[in-house]
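*Asks:* Mind looking over this structure? Questions follow.
The values are calculated or read from the model by the stated rules, or taken from the named source; none is laboratory data. This structure is a prediction, so every number in the text was calculated from the model and none was measured. No Cβ is skipped: glycine too gets one built from the backbone with ideal geometry, and neighbour counts run over all protein chains shown. Note: areas computed on protein heavy atoms with side chains; ligands, DNA, RNA excluded. Shrake-Rupley method; radii C 1.70, N 1.55, O 1.52, S 1.80 Å.
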Amino acid sequence: RRVKRQRQFVMLSVATGLGAFVLVLLTSWFFSGQIDNQQQRNRTLTAEIAKLDQQIVAIEELKQERQRLLSRKSVIEELQLNRTLMVHLFDELATTVPEGLRLTRVQQQGSNLVIEGMTQSNARVSSYLRAIEASEWLHDPELIIIEEEDDATPDQPYNFRVRARLGSPNEVDPDEMM
């Protein structure tokens, strides 16, 4: 009986050890499979993230290109709107100049004009400022200086400088909005 019990004990111990070994082997195999599966998912995600990063870079380049095109478009639109402005400027300069007044220089910086000339009297400059005020294309006339020159011609002894703004008749004056 004792030998039989010992044999049963040994058999049971071997069976338990074998069962534990098989259980550890199966558990190890299961977790290895899970780790391999997760690593495969990580590799797939990394590859997809790299593709998305490339797409983001391409999108940023497209946004920059779009911005460049929009700025070009706005410049072209502004040029299109202002293409007749010079014609109107010369027309207005010719029609607003009263008799006895001669323009010697017109300087434009953006929409601002500085007009210099010679005149017979202060009254002619006042008349010129009123003509600019009444003009459709010239706005906000401002007398900068009027002075008598010693070396000027006798028929036009005064030099003057006027500042004005060039703009379309549809333009709203910023001072009128207030």
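*Asks:* Does residue 105 meet the test of being in a helix (DSSP H, G or I) and free of Cβ contacts under 8 Å to residues at least 60 places away in the same chain?
*Replies:* On the way: in a helix (DSSP H, G or I): no; free of Cβ contacts under 8 Å to residues at least 60 places away in the same chain: yes.
Considered against the rule, which asks whether it is in a helix (DSSP H, G or I) and free of Cβ contacts under 8 Å to residues at least 60 places away in the same chain, residue 105 comes out as no.
*Asks:* Ok, one more. Do we have any residue at all in segment 20-37 that's open to solvent by 100 Å² or more (accessible area, probe 1.4 Å), over 54 Å from the mean Cα position of the chain (by Cα), over 30 Å from residue 167 (Cα atoms) and of a type in the set (S, T, N, Q)?
*Replies:* Scanning segment 20-37, I find no residue that is open to solvent by 100 Å² or more (accessible area, probe 1.4 Å), over 54 Å from the mean Cα position of the chain (by Cα), over 30 Å from residue 167 (Cα atoms) and of a type in the set (S, T, N, Q), so the answer is no.
*Asks:* Pick from 21, 9: which is at pLDDT below 95 and either acidic (Asp, Glu) or farther than 30 Å from residue 106 by Cα (or both)?
*Replies:* On the way: 21 fails: at pLDDT below 95.
Step by step, each of 21, 9 is checked, and only 9 is at pLDDT below 95 and either acidic (Asp, Glu) or farther than 30 Å from residue 106 by Cα (or both).
*Asks:* Looking at residue 3, is it exposed (fewer than 10 other Cβ atoms within 10 Å of the Cβ), out of contact with any Pro (no Cβ under 8 Å at 6 or more places or on another chain), β-branched (Val, Ile, Thr) and in a helix (DSSP H, G or I)?
*Replies:* Yes: the conditions hold for residue 3.
*Asks:* Go through segment 120-140 and count every residue that is hydroxyl-bearing (Ser, Thr, Tyr) and at pLDDT 90 or above.
*Replies:* Total satisfying the criteria: 3.
*Asks:* Which numbered condition in (1) modelled with pLDDT under 85; (2) touching a strand residue (DSSP E or B) at 6+ places or on another chain (Cβ under 7 Å); (3) open to solvent by 60 Å² or more (accessible area, probe 1.4 Å) is the only one that residue 102 fails?
*Replies:* (1)
*Asks:* Let me ask something else. Here is a list of conditions, (1) assigned to a helix (DSSP H, G or I); (2) without any contact (Cβ under 8 Å) to a residue 40 or more places away in the chain, and residue 99 meets all of them except one; can you say which number that is?
*Replies:* The single condition residue 99 does not satisfy is (1).
*Asks:* Further question: Looking only at segment 48-86, count how many residues are part of a loop (DSSP other than H, G, I, E, B) and either open to solvent by less than 100 Å² (accessible area, probe 1.4 Å) or touching a Cys at 6+ places or on another chain (Cβ under 7 Å) (or both).
*Replies:* Number satisfying all stated conditions: 1.
*Asks:* OK, next. Which ones in segment 112-125 are surrounded by 14 or more Cβ atoms within 10 Å (Cβ to Cβ) and in a helix (DSSP H, G or I)?
*Replies:* Matches in segment 112-125: 124, 125.
*Asks:* Only residues that are of a type outside the set (Asp, Glu) and within 14 Å of residue 165 (Cβ to Cβ): list them for segment 115-142, please.
*Replies:* Selection gives 115, 129, 132, 135, 137, 138, 139, 141.
*Asks:* Looking only at segment 141-157, filter to residues that are open to solvent by less than 60 Å² (accessible area, probe 1.4 Å) and at pLDDT 85 or above; which one of those is nearest to residue 111 (Cα to Cα)?
*Replies:* Among them, the one singled out is 141.
*Asks:* Just for segment 126-139: of the residues that are open to solvent by 60 Å² or more (accessible area, probe 1.4 Å) and not small (Gly, Ala, Ser), which one is nearest to residue 158 (Cα to Cα)? Before you say what the answer is, go through the steps one by one.
*Replies:* Residues of segment 126-139 open to solvent by 60 Å² or more (accessible area, probe 1.4 Å): 130, 133-134, 136.
Narrowing further to those that are not small (Gly, Ala, Ser): 130, 133, 136.
On the way: 130: 18, 133: 21, 136: 27 Å.
That would be 130.
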